[in-house]
Amino acid sequence: MDALEYGARPADGPHDVIDQVTQVLVEAAAIAIQPRFGRLAAEEIAEKAPSDLVTVADREAEHLISRGLRAVLDIPVVGEESAAADPSVLSALGATACWLVDPVDGTSNFVAGRPEYAVMTALLRNGEPAAGWIVLPESGQLYVGERGSGAFRDGVRIRRLAPPAEVGQLRGAAPTKRMSGQQRARLTEARGRFSSLGPGTLSAGVNYTRMLDGDLDFVLYQRSLPWDHAAGALLLAEVGGVTARLDGAPYRLVEGRNDLLLNAADRTCYEAVRAVWCG
């Protein structure tokens with residue numbers, strides 16, 4: 001397991017690194033996030049962009065997580081909030097190794113007191129995810145995986161059942177918040193072809209866990225920021241899933257594209273959904 005072999009670290013092996021990162025995330029959630037769940041004062045919430053919230057919990061959790069990750073592996077950390085404040089930190093995504101952090105994924109849910117939010121971290125190697133973590137603080141669930149070694153939920157390997165072969169039986173989600181009018185119209189046309197196609201949970205991390213659990217067969221995204229997708233895409237790939245553009249190009253964290261991104265439970269499901277959308 002070479003993916004985690006970076007820098008000076010106090011651990012004895014890769015699994016110790018995975019456990020240490022898990023502890024960093026869980027502790028940051030307990031200190032900075034969960035005590036504020038649904039309890040934020042108005043002055044603790046701001047907009048960093050239109051309809052894009054950031055809170056004191058996001059910023060404090062990112063600080064705690066970044067400090068903890070550097071103690072595990074002393075490599076650059078790219079956090080969602082630090083990148084919003086200084087986009088130059090994104091240059092580290094192409095480094096030999098770096099951490100990628102989304103301290104509160106689903107901030108609007110978190111602010112509203114809805115439990116569908118996640119804490120996510122990925123370890124990148126040469127711009128590609130080598131390991132990923134998704135913590136769901138309100139349910140206490142942990143999803144973790146290392147490239148080539150499988151995906152695990154609460155320590156148990158995830159073996160996702162194959163999605164239905166019939167398009168009409170597929171269950172999907174497509175967040176529409178940032179879709180264009182044309183894309184929303186296309187979504188309305190396509191919706192009747194599937195068993196269900198809703199908006200999802202407003203948290204990419206939670207949507208990925210629902211795919212891993214078999215509750216969703218595909219999710220179509222308009223926005224594909226690296227901290228939203230790195231951990232989830234790795235975990236999904238480890239159970240046979242696909243994350244790719246609708247032109248067939250695989251998802252790349254550092255490519256700069258921002259067109260539609262399709263996550264599917266397997267290649268057959270991906271091709272079926274793509275055919276409906278593009279047909």
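The values are calculated or read from the model by the stated rules, or taken from the named source; none is laboratory data. Worth saying up front: this structure is predicted, and the values here are computed from it rather than measured. Positions of Cβ are backbone-derived with ideal geometry, glycine not excepted, and every protein chain shown enters the neighbour counts. In case anyone asks, the SASA skips ligands and DNA or RNA and just uses the protein heavy atoms, side chains included. Shrake-Rupley method; radii C 1.70, N 1.55, O 1.52, S 1.80 Å.
Which of the listed residues, Leu40, Met120, Val206, is farthest toward the dipole's positive end in the chain, when Lys, Arg count +1 and Asp, Glu count -1 at the beta-carbon? The one lying farthest along the dipole's positive direction is Val206.
Taking springs between alpha-carbon atoms closer than 10 angstrom, which of Tyr208, Tyr221, Tyr117 fluctuates most in the Gaussian network model of the chain? Sorting by GNM fluctuation, first place goes to Tyr221. Taken about its Cα centre, region 151-224 carries a charge dipole of roughly 220 debye when the Cβ of each Lys and Arg holds +1 and the Cβ of each Asp and Glu holds -1. The fraction of all Cα pairs in region 121-264 landing in successive 5 Å bins from 0 to the largest distance is 2, 10, 20, 23, 22, 14, 8, 2, 0, given as whole percents.
Projecting the Cα atoms of Ala231, Ala190, Ala131 onto the charge dipole of the chain (Cβ charges, centred on the Cα centre) puts Ala190 farthest toward the positive pole. Rounded, prolate or oblate: which fits region 65-159, taking a ≥ b ≥ c as square roots of the Cα gyration tensor eigenvalues, rounded meaning a/c under 1.5, else prolate when a/b beats b/c? Cα axes put region 65-159 in the oblate bin.
Computed in the context of the full set of protein chains, the accessible area of region 115-236 at 1.4 Å probe radius has 48% of its extent on carbon or sulfur. With respect to the chain, whose longest principal axis is taken over its alpha-carbon atoms, helix 181-191 is tilted by about 70°. In plain terms, the bigger the Kirkwood radius, the slower the diffusion; for region 213-279, with that radius from Cα pairs, at 20 °C and 1.002 mPa s, Stokes-Einstein puts D at 180 µm²/s. Indicate the gyration tensor shape class of region 37-196 (rounded, prolate or oblate), computed on the Cα atoms with a ≥ b ≥ c the square roots of the eigenvalues: a/c under 1.5 is rounded; otherwise a/b larger than b/c is prolate and the rest oblate. Oblate is the answer for region 37-196, as a/c is 1.5 or above yet b/c matches or exceeds a/b. 3J(HN,Hα) couplings calculated from phi for region 256-271 with the Karplus curve 6.51 cos²θ - 1.76 cosθ + 1.60 (θ = phi - 60°) are, in sequence order, x, 6, 9, 8, 4, 10, 10, 9, 9, 5, 7, 5, 5, 5, 4, 5 Hz; Gly and Pro show x. With a cut-off of 12 Å between beta carbons, the residues surrounding Gly232 carry a summed charge of -3, where Lys and Arg count +1 and Asp and Glu -1. For region 41-121, a crude dipole built from +1 on the beta carbon of Lys and Arg and -1 on the beta carbon of Asp and Glu, taken about the Cα centre, is about 240 debye to the nearest 20. Packing, as the average of other Cβ atoms within 10 Å across residues, places the peptides 58-64, 251-257 in the order 58-64, 251-257, highest first. Under a model in which nothing but the beta-carbon of Lys, Arg (+1) and Asp, Glu (-1) is charged, the chain shows a dipole of about 880 debye around its Cα centre.
Report the Cα centroid-to-centroid distance between region 100-143 and region 237-252 in angstrom, as an integer. Each part's Cα centre sits 20 Å from the other's.
Taking a ≥ b ≥ c as the square roots of the eigenvalues of the alpha-carbon gyration tensor, region 130-186 is classed prolate because a/c is 1.5 or more and a/b outweighs b/c. Shown here: the chain, whose C-alpha atoms stretch 52, 46, 34 Å along the first, second and third principal axes, sorted largest to smallest.
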